[in-house]
Amino acid sequence: MRSMTRALAPQLASFIDALPLPQRLIAEEHHGSLVVRMRMGEHRFHRDLPVSKIWGYEGMVPGPTIEAERGHPVTVEWRNELEGPLPLVVTKAPTHADAQGVPVQCVPGLSGGTADRNTAGLTGHAVVHVHGGLTPAVYDGWAENLLAPGQSAVFHYPMDQRAALLWYHDHVMGITRFDVYAGLAGLWIVRDHRERELGLPEGPPFEVPLLIQDRNFDLDEQGRLTGRLVHKTDPDVMEAFAPFTVVNGKVWPALDVQPAIHRLRVINASNARTYRLVLVRSGDPELDRISQIGTDHGLLRATTRMPSDGLVLASAERADLLVDFSDLAPGSELTLFNTAKAPFDGSPFPATRAETAADLAGLLPHPEVMRFRVVAGSSQRRVFPAALATDYSAPSPEELASAKRRAIALVERELEGEPNMLTMRELAPVEDSDSTGLLTVTHDGMTTRYRAVAAHFEDVTTFFPVLGEYEVWQLINLTGDTHPIHVHLDPFQILSRRPIRYEIAEGGIEDLVITAAVTLGHDPADQLDHAIDDNERGLKDTVRVNPNEVVEIAVRFTNYSGRYMYHCHILEHEDRDMMRPFVTMPMELMPFMA
Ligand SMILES: [Cu+2]
C-alpha cells in the first residue's frame, strides 16, 4: 500500500485563480419576478485549462445566486434553452486501477474507457428543484416532469421560510448526475429579519459563498488536459469521484481576505464526494478560527465549534461559518484541505495530518480545496451574539410518543457483472412470526419484524404523512458507505444516531425480500462513535447515515400537500433508484384515502 498513499503531481497549479463570486440575482430588484435560462456555455475551470463546454443556468458555473427575502414570493420562469449533446464524456473505465496501480478515478482522461453512447445522445431535458425550498408540490421539480429544450415553466416559490442557504439544481429522473455535473447548479439565499438583527455579514466582501464540487477532464493524445468534462466510473466504484476540487467553478482557487470576520456559506454540491474540511496555517490546523452558526435550514440555536477532525459535509449539506482572520498580518496564508477519503464511510482522520491526507486508495489524490490570503485592510473585530435562532425547539416527548414511525433500510444489492447497486427498502412491521424473508431489529431483547413493501421509485407509495403531525423516520444502514439522505419539503431534526450490528443472509437482499438481523449495539470492530455533532442539532434537510448505524429523524410537514421525493443525495445512487416518493395530506382527507 506504500505506493498508494503517495501524492500525485498535480497537473494544474493550485491557488492561482482568484475565487470567483457567482453573479447575484436579487429578487427584490426584479419585483420578485425572475427569468433564468438554461444554456450551453463555455467556462474556464482553471487559468491553464482550455475552455470547457458546460450546461449552466444562464450558461454559467455555478449559476447566478438568487437572493430572496423571507415572506416575499419569488416567481422564476425557467427557460430550457439547452443545446445538445450533453457536454461531457461519460465513461466506465475497464479496470479500477491503471498499469501503475493508481485508481483510474484519481487521474484525468478516460483511462481506457469508451464514451457512453446513450449519454452522448442526450439533448437537454431538464427539471429544476430548489433544494431546501418549502415549495408547493407542483413547483418542487418532480423528477419526471421534464422540460424539453425550447420549453419553459413558471414556478412560484412562496419563500415563507427562515433565512438559509438553499440551492437549485437539475433533478431529471435517471440523469441528475450528468446534468448537475455538466453545470446545472446554483445557490439560492433566503434572508430574514433575525439574521439582520444579529448583524451578520450580507453580500461581498464579508459574506462569501463556497460551492464545492469535484470535476475531471479529458486528455489529448499528448496527455494534456483538454478541458472536456469527464464523468468516470469503474468496475468497482459506481460513483464518479474526480481528482480536481472546484470551488465556485475554479480548480483550487485563492481568495484575498481582509483581517476581519468573514461569513462563509459553504455547500457540498458534488455528485458523490464527501468533504471533511480543515483550515491549516503554517502546517497546523486552525479550526478554532471557525465557528458555525447555521446548517441546512439556517441558524442554529447557538454558535458551535468545529468537530475536532474538521467539518464534514456530504453531498447537499450546508454550513454557515464565521471565520476570524482579524488577528492575521497581511501575507498570512491559510489553506483549506479535505481529509475525507472516498467513498466516505465516516472513518476519522486527524486534523493535524490534513496536509498529508492524499490517499490514492481512498480516491483522494489532491486534498487541497482553496487558499485564503490575508491582505492589508483595517483590522475589524466584531463580536456576534452567541444565541442565534429562537424560533424552533426539539419535538416534545408527547409529540414523539404519538408520532407515526416509519423504517427505511439502506441496502446494497449484488448484481451480476456490475458494481453493487445501493438502494432503499421501505419497511412495514409484521405480526406473523412464521414469515420468512424479514428484516428483524432487536433492541434490549425486543424484536421488531419488518417486511419490505417498496423497493423501486415506481413501486406503490407507502408514505402518506399528515400535515402538522410529527413522524419518526428510522434510517437503517446495511451498507459500507455513508449515505446523505435528503427529504424534500420541510426540514427535520435528528433525534438519534446509534450503532448497530447486523447479519445479512446469503443472497438476503432481493427486491421485496430482505433476510437480515439487526441488533442495536456497538460492534467492537467498529471505529465510529455514531455521535450527533453539535452542528447537526439544527434544522436539517440532509442527514448522513454512516455504516453500522441507525439514524432517527423527526419530520413534520406543514403547509403543502402533494407528491414529493426523498432520496440519497449521492447522485449516482439517487439516479439508480435510491429515491422514493411520499405524499403529504391534510388530516381531513385521510378518512377518504383507500
Ligand atoms: Cu447513497
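Given the options Gly141, Gly121, name the one that is buried (at least 24 other Cβ atoms within 10 Å of the Cβ) and free of Cβ contacts under 8 Å to residues at least 40 places away in the same chain. Write out each step before concluding.
Details: Gly121 fails: buried (at least 24 other Cβ atoms within 10 Å of the Cβ).
One residue alone meets the criteria, Gly141.
For the condition crowded, with 23+ Cβ neighbours inside 10 Å, over 18 Å from Arg318 (Cβ atoms) and hydrophobic (A, V, I, L, M, F, W, C), what is the one hit in Val246, Val190, Val237, Val251? First the steps, then the outcome.
Values: Val246 fails: over 18 Å from Arg318 (Cβ atoms); Val190 fails: over 18 Å from Arg318 (Cβ atoms); Val237 fails: crowded, with 23+ Cβ neighbours inside 10 Å.
Matching residue, one of Val246, Val190, Val237, Val251: Val251.
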*Could you give every pair whose Cβ atoms fall below 8 Å, whose first residue belongs to the stretch 381-397 and is of a type in the set (Gly, Ala, Ser), and whose second residue is part of a loop (DSSP other than H, G, I, E, B) and surrounded by 12 or more Cβ atoms within 10 Å (Cβ to Cβ), counting only separations of at least 6 or pairs across chains?*
Ala389/Arg162; Ala389/Gly538
*asked:* Out of everything in the stretch 548-594 that is within 15 Å of the ligand (Cβ to nearest atom), part of a strand (DSSP E or B) and not hydrophobic (A, V, I, L, M, F, W, C), what residue ends up being farthest from Thr423 (Cα to Cα)?
replied: Glu549
*Close pairs (9 angstrom Cβ cut-off, 6 or more residues apart or separate chains): closer than 20 Å to Ser270 by Cα in the stretch 343-356, of a type in the set (Asp, Glu) and not in a loop (DSSP other than H, G, I, E, B) anywhere*: Gly346/Glu549
*If you check every pair at least six apart or on different chains, which have Cβ atoms under 9 Å apart with a residue in the stretch 195-219 that is over 19 Å from Asp324 (Cβ atoms) first and a residue that is of a type in the set (Val, Ile, Thr) and assigned to a loop (DSSP other than H, G, I, E, B) second?*
Gln213/Val61; Asn216/Val107; Leu219/Val107
*Just for strands (runs of 3 or more DSSP E) wholly inside the stretch 270-316: which have at least 3 residues that are hydrophobic (A, V, I, L, M, F, W, C) and surrounded by fewer than 20 Cβ atoms within 10 Å (Cβ to Cβ)?*
none
*Somewhere in the stretch 570-590, is a residue among the acidic types (Asp, Glu), out of contact with any strand residue (DSSP E or B) (no Cβ under 9 Å at 6 or more places or on another chain) and over 24 Å from Pro395 (Cβ atoms)?*
yes
*What do you reckon, is Ala505 under 30 Å from Leu322 (Cβ atoms), surrounded by fewer than 20 Cβ atoms within 10 Å (Cβ to Cβ) and of a type in the set (A, V, I, L, M, F, W, C)?*
no
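Yes or no, residue by residue, for (1) more than 16 Å from the ligand (Cβ to nearest atom); (2) surrounded by fewer than 18 Cβ atoms within 10 Å (Cβ to Cβ); (3) over 30 Å from Asp160 (Cα atoms):
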{"position": "Tyr470", "(1), (2), (3)": "yes, no, no"}
{"position": "Thr479", "(1), (2), (3)": "no, no, yes"}
{"position": "Gln493", "(1), (2), (3)": "yes, no, no"}
{"position": "Pro499", "(1), (2), (3)": "yes, no, yes"}
{"position": "Val518", "(1), (2), (3)": "yes, no, yes"}
{"position": "His522", "(1), (2), (3)": "yes, yes, yes"}
{"position": "Glu536", "(1), (2), (3)": "yes, no, no"}
{"position": "Val543", "(1), (2), (3)": "no, no, no"}
*asked:* If a residue counts only when it is touching a His at 6+ places or on another chain (Cβ under 9 Å), closer than 29 Å to Glu239 by Cα and not hydrophobic (A, V, I, L, M, F, W, C), which strands (runs of 3 or more DSSP E) contained entirely in the stretch 1-115 have at least 3 such residues?
replied: 52-57
_Failed condition for Val513, given (1) over 21 Å from Phe463 (Cβ atoms); (2) crowded, with 16+ Cβ neighbours inside 10 Å; (3) modelled with pLDDT under 95_ = (1)
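The values are calculated or read from the model by the stated rules, or taken from the named source; none is laboratory data. As the structure is a computational prediction, the values presented were derived from the model and not from experiment. We place every Cβ from the backbone using ideal geometry, glycine too, and count neighbours over all the protein chains shown.
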